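The numbers here are math on the coordinates, done by the rules we state, and not lab data. Keep in mind that what you see is a predicted model, and the values were worked out from it rather than measured. Here the Cβ is made from the backbone with ideal geometry for all residues, glycine too, and neighbour counts use every protein chain on show.
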Amino acid sequence: MLLHFGNVPVHVVSSADAAREITKTHDLIFVNRPKCIFFQILLYDYKDVVSARYGEYWKQMRSIRVLNLLSNKRVQSYRAIREEETALAVKNVQKSSSSGLLVNLSELFLMTMNNVICRIYLERKYSEDTNKFKKILRELQRCWVCQMWGIIFHGLHGYAMSMNSMLKPRKWPRSSMNFLMN
């Protein structure tokens, strides 16, 4: 079935056999991500494994990620951090419920997940500096949404770009990254 998301044609496959056949015969068409300024600015000119074009560089990045970041030994080494952050989240729920306060579980899960990821990869928690961290996440989300609207609806691309001047390369990613790295 062919659908159109704005100006982008999207093929929908309704059976596992058809999907398997398509990915087997047309694999190279589907492996690359679309080029967008969001990835170019934030992910070092498409050098990240998420946005890199399929080829030797991507294969090397994937190998490094799997062997170094996601190996069983490495994942097990993060167990204490995951358990500690989960225990803190449970303690927050208990504390809030004993005092009769409502708990926003979506926000609690997001904060717990962010704390785990930040402690593992950046060796620091960001829940203490919630306002600045949330501001950075909102900026990134706004950039991403505007970029996607521009890709899906080509007629709105200029409008989305004018609404979101942060998509132009400037200092905001560097200052945000400096906050995250310090």
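When the listed pairs LYS24/LYS59; LYS73/LYS134; LYS35/LYS59 are checked against a 20 Å cut-off, the alpha-carbon distance exceeds it for LYS73/LYS134.
Here the alpha carbons of segment 78-126 define both size measures, Rg and Dmax, at 11.5, 35 Å. In terms of other Cβ atoms within 10 Å, ILE117, ILE136 run from fewest to most in the order ILE117, ILE136. Let me know the Kirkwood hydrodynamic radius for segment 1-116, please, with Cα pairs as the basis and the value in Å to one decimal. 18.7 Å is the Kirkwood radius here.
Computed from the C-alpha gyration tensor, the three semi-axes of the ellipsoid equivalent to segment 1-59 are 26, 17, 7 Å, from longest to shortest.
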